[in-house]
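Asks: Encoded as structure tokens, here's the structure I'll be asking about.
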């Protein structure tokens with residue numbers, strides 16, 4: 001008959017004796033403890049390095065084969081340590097603090113020690129008790145450092161259980177902990193625990209945040225980032241993040257400016273991200289938090305609507321126009337009638353790709369992205385002026401249906417980037433998804449936008465998109481950006497290079513490959529269905545292409561200097577045997593009748609050229625008709 005499920009076999013150690021194999025009933029209290037006199041002064045404890053006590057709450061977690069230790073009860077142990085750490089003997093005191101730091105990890109012991117007002121005792125030792133020993137530092141420096149280290153370790157472990165409120169600590173204690181950040185820069189253990197205490201104070205108490213902010217400065221923290229100990233660097237960034245996170249809204253931007261002045265970004269890039277060692281998970285999390293908090297500074301502009309009556313804001317739009325077109329007539333120029341200038345502005349705003357040509361300020365009244373989109377556009381125009389002018393002029397000279405509207409694209413792209421980077425959201429407690437490239441530039445978000453707006457324009461051309469395809473283009477651009485970000489590029493230039501390899505054609509290949517790799521699409525019924533309907537689909541595609549060719553389209557002709565001159569129209573005859581084409585003075589509205597197109601091209605000649613391998617000169621002689629012919633489906637198929 002199998003033993004009851006509540007019975008486990010464990011080995012129990014006793015000082016001065018061999019471990020004894022015993023069966024313990026997890027449902028009732030431990031019989032081995034009951035059999036002792038004064039059994040309330042004893043308890044079982046895990047014999048591994050954790051030294052955690054066995055209690056009514058966790059005894060069901062004991063497994064067969066576990067090794068336990070019979071020892072003094074948590075209350076008895078707490079009482080003894082409370083007395084020992086007040087010993088006048090330095091050696092005894094040091095040993096007691098070492099034991100206290102070890103036992104304090106156990107919540108059962110911690111509760112008993114806190115009930116003895118142990119936290120107050122430790123804070124008093126930090127505030128004043130250690131002063132006596134500082135005089136002996138020259139002759140007892142190692143002992144003093146270890147004593148303070150164990151004291152702070154015990155304090156951190158006890159407070160981590162959340163039993164005592166952080167609001168109970170005095171200014172003297174805060175000042176003392178803050179002073180350790182500077183005094184004990186060479187003592188890693190003291191520095192690490194001091195930074196951990198400061199972080200917890202800031203995160204857990206608004207009052208303590210204000211006091212800590214007065215005692216510690218960014219300048220005092222920066223040197224710790226320039227060291228080689230990654231744990232110290234991690235806690236230093238954690239303190240900076242805590243101060244950043246808890247700062248009032250009106251102080252947050254001020255703190256960001258201080259961080260910029262102290263060159264925090266470049267220091268982190270040099271001494272943390274590009275250091276010759278791997279970044280552990282905790283450091284990655286703190287870098288992610290700093291990244292999120294930095295981008296969250298954009299939230300105010302993202303949620304600010306443009307005031308159409310604000311002249312300073314309107315001047316930004318005027319500046320975009322001036323840079324793009326180098327207008328001879330500035331807004332303050334009195335020459336020309338008001339109506340003429342309004343007409344000129346409307347024309348230029350349309351070329352800039354705004355939705356509201358008359359009053360483009362109305363395009364920035366939607367939040368998000370609000371004024372952040374206009375900020376990005378102005379940054380792009382000023383810091384990447386050649387690329388800005390090229391994009392605007394290139395699109396303003398295209399046909400209306402094929403132009404990529406810079407204004408509308410910039411607004412939607414800014415909104416998309418804010419969604420990708422989760423601007424305005426609090427950092428996750430478990431995420432460590434930081435991007436090294438955002439630490440390589442002081443204006444990383446703006447530079448990120450500048451790269452992506454050029455990507456959008458490139459993808460628009462690759463897709464031969466029209467205004468009706470706007471949302472489709474944005475979806476492709478988002479996929480390109482997300483795929484490039486997953487590779488964690490180390491710099492913005494590397495990110496740009498990744499995007500160059502993710503053309504629209506490549507995205508289509510990736511999508512197709514991913515679809516084909518899905519198990520459902522490889523199943524036999526799907527493959528049979530695909531084979532069955534493929535001829536019908538191909539025929540449908542062929543007919544669709546032919547119908548489009550019969551409908552015809554209008555092109556712009558290029559002269560010898562590559563300048564767009566006249567218009568040119570071409571369409572396929574209904575019997576699919578002849579191409580009708582001819583020059584036009586202006587872009588037509590609707591279809592052009594066959595009778596209006598003077599020239600013809602016999603497609604039987606094209607078939608001969610394709611089949612005759614010796615005919616090679618036709619490419620050199622190809623005129624505008626050749627570009628149209630290239631798009632024809634195979635007549636033999």
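Each reported figure results from applying straightforward, stated rules to the coordinates on display, with no laboratory input. From a predicted model like this one, the values you see are computed outputs, not experimental measurements. Glycine gets a Cβ as well: all are built from the backbone with ideal geometry, and neighbour counts include every protein chain shown.
Asks: So, by mean Cβ neighbours within 10 angstrom, what's the order for 70-77, 163-170 with the highest one leading? Intermediate values should be presented prior to the final figure.
Replies: Values: 70-77: 18.9, 163-170: 14.1.
Highest-to-lowest ranking by the protection proxy: 70-77, 163-170.
Asks: Okay, moving on. Nearest 10 degrees, 0 to 90: what angle lies between the long axis of helix 371-383 and the longest principal axis of the chain (Cα atoms)?
Replies: 70 degrees
Asks: Take residue 470 and residue 573, extend 7 Å from each Cα along the Cα→Cβ direction, and tell me the distance between the two endpoints in nm.
Replies: Spacing of the two 7 Å Cα→Cβ label points: 4.2 nm.
Asks: If you take the C-alpha gyration tensor of segment 84-299, multiply each eigenvalue by 5 and take the square root, what semi-axes do you get, largest first, in whole Å?
Replies: 31, 19, 16
Asks: Separate question: Give me the angle, in degrees from 0 to 90, between the Cα long axis of helix 249-261 and the longest principal axis of the Cα atoms of the chain, rounded to the nearest 10.
Replies: Helix 249-261 and the main axis of the chain meet at about 90 degrees.
Asks: Size of segment 141-207 along its principal axes in angstrom, Cα-based, largest extent first?
Replies: Principal extents (largest minus smallest coordinate, Cα): 34, 21, 16 Å.
Asks: Once you treat every alpha carbon in the chain as an equal point and sum by Debye, what is log10 I(q)/I(0) at q = 0.07, 0.11, 0.12 Å⁻¹?
Replies: -0.72, -1.17, -1.28
Asks: What 222 nm value per residue comes from the helices of the chain, counting each DSSP H run with n ≥ 4 as -39,500 (n - 2.57) and dividing by all residues, nearest 500 deg cm²/dmol?
Replies: Roughly -17000 deg cm²/dmol at 222 nm, from the helical runs in the chain.
Asks: Right, another one. How far apart, in nanometres, would the label points at residue 326 and residue 386 be if each is projected 7 angstrom from Cα along the Cα-to-Cβ direction?
Replies: Computed distance between label sites residue 326 and residue 386 equals 1.4 nm.
Asks: Quick one: compute a quarter of the convex hull surface over the Cα atoms of segment 145-263 and quote it in nm².
Replies: Here the figure is 7.1 nm², rounded to one decimal.
Asks: Please report how far the C-alpha centroid of segment 339-402 lies from that of segment 467-501, rounded to the nearest whole angstrom.
Replies: What the calculation gives is 22 Å, centre to centre.
Asks: Still on this structure, please answer the following. So, in nm, how far is label residue 90 from label residue 312 when the simple model puts each one 7 Å beyond its Cα toward the Cβ?
Replies: Placing both labels 7 Å along Cα→Cβ, they lie 6.3 nm apart.
Asks: Additional query: From the alpha carbon gyration tensor of segment 414-524, can you work out the equivalent ellipsoid semi-axes (sqrt of 5 times each eigenvalue) and give them in Å, largest to smallest?
Replies: Taking √(5λ) for each Cα gyration eigenvalue gives 26, 20, 14 Å.
Asks: Can you give me the three principal axis dimensions of segment 301-509 from its C-alpha atoms, in Å, biggest first?
Replies: Extents along the principal axes: 60, 36, 27 Å.
Asks: Averaged over all directions, how much area does the convex hull of the C-alpha atoms of segment 225-309 cover when projected, in nm²?
Replies: That works out to 6.6 nm², a quarter of the Cα hull's surface.
Asks: Here's another thing I want to ask about it. Using the beta-carbon distance between residue 41 and residue 172 and R0 = 25 Å, what value does 1/(1 + (r/R0)^6) give for FRET efficiency, to the nearest 0.05?
Replies: 0.10
Asks: Give the calculated FRET efficiency between residue 600 and residue 284 to the nearest 0.05, with a Förster radius of 45 Å applied to their Cβ-Cβ distance.
Replies: That gives a FRET efficiency of 0.10.
Asks: For 460, 568, what's the fewest-to-most ordering of other Cβ within 10 Å of each Cβ?
Replies: Sorted ascending by nearby Cβ count, the order is 568, 460.
Asks: Here is a follow-up. On C-alpha positions alone, give me the angle between the axis of helix 230-246 and the longest principal axis of the chain, in degrees, nearest 10.
Replies: 70 degrees
Asks: Taking only the C-alpha atoms, wrap a convex hull around segment 200-349 and report its volume per residue in Å³ as a whole number.
Replies: Spelled out: Cα convex hull of segment 200-349, divided by residues, is 175 Å³.
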